[in-house]
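Inspection log for the structure reproduced underneath, given as structure tokens.
The values are calculated or read from the model by the stated rules, or taken from the named source; none is laboratory data. None of these values were measured; they are calculated from a predicted model. Neighbour counts run over all protein chains shown; Cβ positions are idealised from the backbone, glycine included. Just the protein is used for accessible areas: all its heavy atoms, side chains included, with ligands, DNA and RNA removed. Shrake-Rupley method; radii C 1.70, N 1.55, O 1.52, S 1.80 Å.
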Amino acid sequence: MLNMTSASPIVEIDHLSYWYDSSFLTLDNISFRMEQGDLLGIIGPNGAGKTTLFSCILGILTDYRGTVKLFGKEILKNRKALLSEVGYVPQHASIEQSFPANIEEIISFGLLGSIGKYSRSYAKDQVLKAMQIVGLTDKKNKRFNELSGGQQQRVLIAKAMVHNPRLLILDEPTNGIDQETQDRFYELIRKLNAEEKISIILSSHDLDAVSKLANKVACINRKMHFHGDAKDFFGDENMLKTYYESAMQTHLRLHQFNTKSNSQQLPST
Amino acid sequence: MTILEILEFGFMQRALISGIAVAAICSAIGLFLVLRKHSLFGDAMSHVAFGGLSIGLFLNLYPIWTAYAFTIIAALGITKMTDSIKIPPDSSVAILLSSGLAVGIVLISLSGGFSLDLFSFLFGSILLISTQDTIAIVFLSIAILAIIAIMYRRLMYITFDEKQASVSGINVKLANYIFIVLAAITVVTSIRLVGVLLISALIVLPNITGILFGRGFKKTAIISIGIAIASVVSGIVISYFANIAPAGAIVLTGVAIFLCTIITRNIRKSIRPIKITEPYLHNRSQE
């Protein structure tokens, strides 16, 4: 059993660097801390390294430089135990639409793996509680592909929080979802943070939503451009200007990288 | 002669018992293969098993044992290779299929042509199964189903989303290796029933049909196993009365069930009354 005291930061990242394909610097010397109860909004343009950062936090990527700690312990040394305290909703869940599992079965997946053995009645109670929180109790026998995009995301959130995690990581969870559903989804995120006391990391391009929800903001674009209180970031016009300028620079940098990669792969004609 | 009367024959009893056992494991393993879009993996492994059978016949060893060994080693090898050098799944199927068949063809040419034994493995020979083989098939099937029952939630999660399963702390690699060994054993065990050339039909057809019906993974698995057993039992009985090859009869019964399901589904869809929504009714009343 890990000794994870409440005084330890939820996430502590120190001088984290990662090279994609051992050549392209995706994260450059990132450092930040996240405390218990924070709702941290991570913003940055496409290709800024947000998903890479999450992969390092979750111990999916292991060949990085620097240290990543969850609840005061290094993720790579205690991955299984630490992940039992984390729920994760990926950016693009590559889910087969004809998958025949019903919603109840899918939510119960969250109880597998690192949390150890549990009784059937505990599982049933937890799944029911998660369904109630996300408002899907009446859909428990539906198949995943019978739900709308917003409902599918709520199922994935319920699955991520069914084992009572202390930290929930949401990687651009509202991509491809209409505005009305997004609003309901953000209300759910706020509720999980305020009422269920779950610390949340939310990456999003929706600056308006992040400004309303998050108490802390990290703006990354390969490097850490800003980390601090949300009101300081969104109250500073220069900061927002820098954000959009860096977004454009990233776009150009990725374009150059892709062009270079393609010219290396294709034979010259 | 009635259906009950044919059960008095010992060869029919053995065929039905081993057929039901094989139908259950093919369907249970096949559901995961189909959902992972690896439907042809069973076909590829059956061709590897053909290479393994040829090795046994060439070296004068019991061919089923060499088929088990060769298929398990090849399946583990290709899985390791797919993991480490990221070969696309369809390419790994092509490699397995062609290399297994090539080994078989080379050994057949070295031993001077097809033997009767190899021919029976290619097309299946369920009516010739011995009591010893029946006992072995039943025991292996019980073991495979027991392991799947223990692992099925994990396998289901990995099939749903491998990355999320890994983040939940599931040892995805280990689970995949165990699954692939079970799939290899299932294929070799089933070869006696429908033969190398038709095995993938028994893996795919009941599951494709079951997925159309199933609400929930467990229910889908039960429906698929039921359809597989129904195909095998009806196929064997039809083959007896019509005096045709049992392997072909089993597969064609599976195809018939699948087609009937599709047709029934489409008919039901077309005669379902159109729901008139409340706003529409409201607008009509205002007109």
Out of the range B:177-209, which residues are modelled with pLDDT of 90 or more, aliphatic (A, V, I, L, M), more than 9 Å from the chain's Cα centre (by Cα) and under 17 Å from B:Ser27 (Cβ atoms)? B:Leu182, B:Ala184, B:Ile185, B:Val188, B:Ile208
Could you list, in sequence order, all residues of the range A:163-203 that are closer than 11 Å to A:Val134 by Cα and open to solvent by less than 20 Å² (accessible area, probe 1.4 Å)? A:Phe185, A:Leu188, A:Ile189, A:Leu192
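Only one residue in B:Ile95, B:Ile73, B:Ile87 is farther than 25 Å from B:Asn207 by Cβ, open to solvent by 10 Å² or more (accessible area, probe 1.4 Å) and more than 18 Å from the chain's Cα centre (by Cα). Which one? Before you say what the answer is, go through the steps one by one.
Values: B:Ile95 fails: farther than 25 Å from B:Asn207 by Cβ; B:Ile87 fails: farther than 25 Å from B:Asn207 by Cβ.
Step by step, each of B:Ile95, B:Ile73, B:Ile87 is checked, and only B:Ile73 is farther than 25 Å from B:Asn207 by Cβ, open to solvent by 10 Å² or more (accessible area, probe 1.4 Å) and more than 18 Å from the chain's Cα centre (by Cα).
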Exactly one condition in (1) out of contact with any Pro (no Cβ under 6 Å at 6 or more places or on another chain); (2) open to solvent by less than 10 Å² (accessible area, probe 1.4 Å) is false for B:Ser27; which is it? (1)
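Condition first: more than 23 Å from A:Leu83 (Cα to Cα), away from chain B (no Cβ under 14 Å) and over 20 Å from the mean Cα position of the chain (by Cα). Now tell me which residues in the range A:122-158 satisfy that.
Once the filter is applied, which keeps residues that are more than 23 Å from A:Leu83 (Cα to Cα), away from chain B (no Cβ under 14 Å) and over 20 Å from the mean Cα position of the chain (by Cα), the range A:122-158 yields A:Gln132, A:Gly135, A:Leu136, A:Thr137, A:Asp138, A:Ser148.
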Do any strands (runs of 3 or more DSSP E) lying entirely in the range A:151-269 carry at least 1 residues that are in contact with a strand residue (DSSP E or B) (Cβ under 8 Å, 6 or more places away or on another chain), charged (D, E, K, R) and modelled with pLDDT of 85 or more, and which ones are they? A:167-171, A:216-221, A:223-229
Of those in the range B:186-222 that are hydrophobic (A, V, I, L, M, F, W, C) and over 22 Å from B:Gly248 (Cα atoms), the residue farthest from the other protein chains (Cβ to nearest Cβ) is B:Ile222
Hits in the range B:137-152 (condition: farther than 15 Å from B:Ala24 by Cα and either open to solvent by 50 Å² or more (accessible area, probe 1.4 Å) or touching a Phe, Trp or Tyr at 6+ places or on another chain (Cβ under 6 Å) (or both)): B:Ile150
Filter the range B:153-176 for residues that are more than 8 Å from chain A (Cβ to nearest Cβ) and surrounded by 21 or more Cβ atoms within 10 Å (Cβ to Cβ); which is farthest from the chain's Cα centre (by Cα)? B:Ile158
Tally time: how many residues in the range B:78-97 are without any contact (Cβ under 8 Å) to a residue 12 or more places away in the chain and of a type in the set (Ser, Thr, Tyr)? 3
